[in-house]
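These notes are about the structure you will find just below.
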Amino acid sequence: MLKNKPTVFVILLALVLGLPFLLRKDRTDQGAADVRLVVITPHTESIRKEFALGFEQWYREKTGKSVYLDYRVIGGTSEIAQYVESEYANAFRNYWTGKQGREWSLTVQESFMNPRIELDDTPENDNEAEAARRAFLGSEISSGLDVFFGGGAYDFSTQARKGTLVRSRLLETHGDWFQRSAERGQIPEAIPQYYAGEQYFDAAGRWFGAALSSYGIIFNRDVLKRLGIEEGLTQWEDLGDPRLMGQIAVCDPTKSGSMNQAFEMMVQQQIQQVLNAGGQDERAKKEGIEQGWMRGLQLIQRISANARYFTDTSQKPNIDVGMGDCAAGMSIDFYGRFQQEAVLSRSEGNRFGFVTPQGGSTVSCDPIGIFRGAPHRELAEVFLEYVLSLEGQKLWNYRVGTDGGPQVYALRRLPIRPELYGAPYNEMRSDLAVNPYLATSDFEYHREWTGHLFSELRVIVRICFMDTRKELVDAWKAIHRARAEGRQIDANRAFEVFSDLDRISYEEASTTIDAALNGPSIDEVRLARELSVHFRDQYNRAKSIANGALRK
């Protein structure tokens, strides 16, 4: 028996190491595949796996060939944007100095992807900036990537305007999949270009929504009760409750476009509330937008003061709230539904809750697009066709094991194709009661209010609430300690100083901050330094007033 122990040990070890490989679903190995597609994505492993399995099977049935999806995963949409622009910058520099035989300069560097540079029909009269921009848009410069899969409409629109995304043939080959617009609250016949104020595909065919998402609040009922909050949270304002100090899980909006859009929804809701209570003439509307912007930022400020952290990982808030490490947080809908199901499936009760604030969230799209100079352009077109086809769309919300559904993971996402929200598809879906085309009856996104300030908003949150986090939290604690001690005058004076956001008003965001972000890099650095110093001093002053050590 003793002599056989090493042999038995080796066999057992081989089984332990090899069992996962024996049980996993078959996927074509990269080296053995007939063709390969390079896809950069912020999507989770479950989405990546299901679309790889689905596309491989679909492509083999169509062509008889094997395909390998070569995923590149480097982080959220912000990191992807930085990486893509860096790759194109390097490629274009080689093209400009090599094939074009021209000298590289700071002007060329800052111009070739600048959508603000307008080109006319007289290239012979181009200055250096215009020549660089024209050369890039007329080239097949490659980043080495084929497809951008997942993110937000803002990020894809930005890339399209810069010229890194190019027109797909889908509008020509499958025009019946799309329609120009649809009435809010009604299920459209095809994918609408605009719905409830949101854009679902690019008119020039450079990107297309693949799935739909909304934003909401996650919370742990057990933790809330321990904090003296008996009811679940229902509105964004609830996250600013001082009883939740140090209990809110938040993603970093500079890393997550989805989280920044959730912040934008808060601002949009505040603007709508102000406008609903005021006049409707142009002057009243302008003042209402400015006031709503300020109220929205003040709410984000209070939520930031309550935050336990700002994480880079979008799944972390759901896990921490589910475990009870945080009382509440902000989440995209499918993460919230997935975590809710996970808690229920473990027979751990209904402690985890998810709610979309009434009148507080739009339904936006998660797009897909093809990169300029895609090395495998034809295959990229085929992949887009698959993702938008009914076969690809079923993966988002069909239950595991259903005909045409996912093989391993229930993705709990909402498909963009309207057909899938009716018979005979409903009986296959994981979320039968959820229809995004009927969920926006109480909210309409107004791009003209805040859409042009999307980047400005994420920078404001980073500089004024994240970089100054220690001072922000210390002041917030001091204010509510003063209230608890009955020193209402000190608390009120301190709160007035604390919540003074005139330096980041709607006017400032539209002018000073916008100019700094769209100018030379040194301007953004200078702005960040000035604002961080200003708000650190302001929060320290508020803290001193709350402590009774300083009069206003």
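For the peptides 424-431, 136-143, 287-294, the ranking by mean Cβ contacts within 10 Å, running from highest to lowest, is 287-294, 136-143, 424-431.
Looking at the square roots a ≥ b ≥ c of the eigenvalues of the Cα gyration tensor of the stretch 44-184, which shape do they give, rounded for a/c under 1.5, prolate if a/b is larger than b/c, or oblate? Judged from the Cα gyration tensor, the stretch 44-184 comes out prolate (a/c at least 1.5, a/b above b/c). For the stretch 302-355 versus the stretch 192-270, the spacing of their alpha-carbon centroids is 12 Å. Per residue, the solvent-accessible area of the stretch 177-274 (1.4 Å probe, heavy atoms of protein chains only, all protein chains present) comes to 33 Å². For CYS326, the residues whose amide H sits under 5 Å from its own are VAL321, ignoring neighbours fewer than 5 places away on the same chain, with H placed 1.01 Å from N. Taking all protein chains into account, the per residue accessible area for the stretch 50-130 stands at 57 Å² (1.4 Å probe).
Close amide H contacts of THR311 (hydrogens built in the peptide plane, cut-off under 5 Å, sequence separation of 5 or more or a different chain): VAL250, CYS251, ASP252. Dividing the summed -39500 (n - 2.57) terms of all DSSP H runs of n ≥ 4 by the residue count of the chain sets its mean residue ellipticity at 222 nm at -14000 deg cm²/dmol. Database remark: amide H of PHE178 closer than 5 angstrom to the amide H of ILE191 (H placed geometrically; neighbours at sequence offset of 5 or more, or on other chains; Pro and chain starts carry no H).
Take every Cα pair under 8 Å whose residues are at least 6 apart in sequence, average their separation, divide by the length of the stretch 205-301, and the relative contact order is 21 percent.
Dipole orientation for the chain: of the candidates ALA190, PHE112, SER213, SER213 has the Cα lying most toward the positive pole (charges on Cβ; Lys, Arg +1; Asp, Glu -1). Among the listed pairs LYS255/LYS286; LYS49/LYS394; LYS470/LYS543, which have their C-alpha atoms separated by more than 19 angstrom in this model? Where the Cα-Cα span goes over 19 Å, the pairs concerned are LYS255/LYS286.
Counting only protein heavy atoms and a probe of 1.4 Å, the accessible surface of the stretch 332-465 is 51% carbon and sulfur. Taking θ as phi - 60° and the Karplus parameters 6.51, -1.76 and 1.60, the scalar couplings of the stretch 274-287 work out to 5, 5, 5, 8, x, x, 10, 6, 4, 5, 5, 5, 4, 5 Hz in sequence order, x denoting glycine and proline. Can you bin the stretch 36-80 into rounded, prolate or oblate? Criterion: square roots of the alpha carbon gyration tensor eigenvalues sorted a ≥ b ≥ c, rounded for a/c under 1.5, prolate for a/b above b/c, oblate for the rest. It is prolate, given that a/c is not under 1.5 and a/b is the larger ratio.
Give the percent of DSSP beta bridges with both residues in the chain that are antiparallel, rounded to the nearest 5. So the antiparallel bridges in the chain amount to around 60 percent.
Taking a sphere under 13 Å around the Cβ of TRP207 and counting the other residues whose Cβ falls inside, with K and R at +1 and D and E at -1, yields a net charge of +2. Tally up the carbon and sulfur contribution to the accessible surface of the stretch 248-323 as a whole percent, 1.4 Å probe, everything protein left in place. Reported share for carbon and sulfur atoms: 47 percent. Enclosing the Cα atoms of the stretch 311-363 in their convex hull gives a volume equal to 87 cubic angstrom per residue.
Computed with a 1.4 Å probe over protein heavy atoms only, the accessible area of MET266 comes to about 0 Å². When all alpha carbon pairs of the chain are counted in 20 Å bins from zero, the resulting P(r) reads 19, 50, 27, 4, 0 %. Ranking VAL343, ASN397, SER168 by how far each Cα lies toward the positive end of the dipole of the chain (charges on Cβ) leaves VAL343 at the top.
The string of couplings for the stretch 38-49 from the Karplus curve (6.51, -1.76, 1.60, θ = phi - 60°) is 9, 10, 9, 7, x, 5, 5, 4, 5, 5, 4, 5 Hz, one whole number per residue in order, with x for Gly and Pro.
Taking every Cα-Cα distance in the stretch 414-552 and sorting them into 10 Å bins from zero, the calculated P(r) comes out as 11, 27, 20, 19, 15, 8, 1 percent. Given 4 °C and 1.567 mPa s, how large is the Stokes-Einstein diffusion coefficient of the stretch 178-220 in µm²/s, with Rh as the Kirkwood radius over Cα pairs? Reported coefficient: 111 µm²/s. Note on exposure: PHE371, PHE178, PHE495 ranked by accessible area (1.4 Å probe, complete protein assembly) read PHE495, PHE178, PHE371, with the most exposed listed first. Dividing the radius of gyration of the alpha carbons in the stretch 217-306 by their Kirkwood radius gives 1.05 for Rg/Rh.
The values are calculated or read from the model by the stated rules, or taken from the named source; none is laboratory data. Here the structure is a predicted model, which means the values were calculated and not measured. Ideal geometry is used to build each Cβ from the backbone, glycine not excepted, and the neighbour counts take in all protein chains shown. Just the protein is used for accessible areas: all its heavy atoms, side chains included, with ligands, DNA and RNA removed. Shrake-Rupley method; radii C 1.70, N 1.55, O 1.52, S 1.80 Å.
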